[in-house]
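In what follows, a structure is listed as structure tokens, so that the remarks can point back to it.
What follows draws every value from the coordinates through simple rules; no lab data is involved. Quick caveat: nothing in here was measured; it's all calculated off a predicted structure. All Cβ positions, even for glycine, are placed from backbone atoms using ideal geometry, and neighbour counts span all protein chains on display.
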Amino acid sequence: MLTALKRHAPAGGEANSGGTTPRSDGQRHLGRLLRTTTFRFALIYLGLFVGSVLLVLWLIYWSTAGFLTSQADTAIREDMQALADRYRTGGMAGLAEAVNERGMGNASSIYILAASSGSTLAGNQFWPRGWTRRAGSTCR
């Protein structure tokens, strides 16, 4: 009977003797739930699940980015080798023709053959805006 009196607020909105407001049944139930072992295990498993998902997503990103980078590097190396071979067989005129052919057929790539002074000899684009070309420098 004494416990039943402690659970209910005094009638008429009076303050209880302890000076604190009584908690509702929902708050009391939530407090008990947060202290249960089942709830703590659920939080631990949730943390492990979120951590493992983030780890898997990072590994997928890392491997995909590495694969795409190596694939692009290989394609650029092969393209440079083919242009160097074309220069060896056809000289500067053959290289300019190859650069123009590649520039015309591929709008998403920039091909520029420039003189040491910076003037464009062949290609599909002008030098990118804001990029200054110094005489004697090379692009890679």
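In table form, for the structure just shown:
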| quantity | calculated |
| --- | --- |
| Inter-label distance for M92 and R35, nm, one decimal - labels placed 7 Å from Cα along Cα-to-Cβ | 8.8 nm |
| Alpha-carbon radius of gyration plus Dmax, which is the widest Cα pair, for segment 27-67 in Å | 16.9, 55 |
| Proximal charge balance of N100 [Cβ under 15 Å; K/R count +1, D/E count -1] | -1 |
| Extension reserve of the D85-D73 stretch, reckoned as 0.36 nm per residue once the Cα distance is removed | 2.5 nm |
| Positive minus negative residues near G123 (Lys, Arg vs Asp, Glu; Cβ under 12 Å) | -1 |
| Inter-site label distance for R28 and S119 at 7 Å from Cα along Cβ, in nm | 9.3 nm |
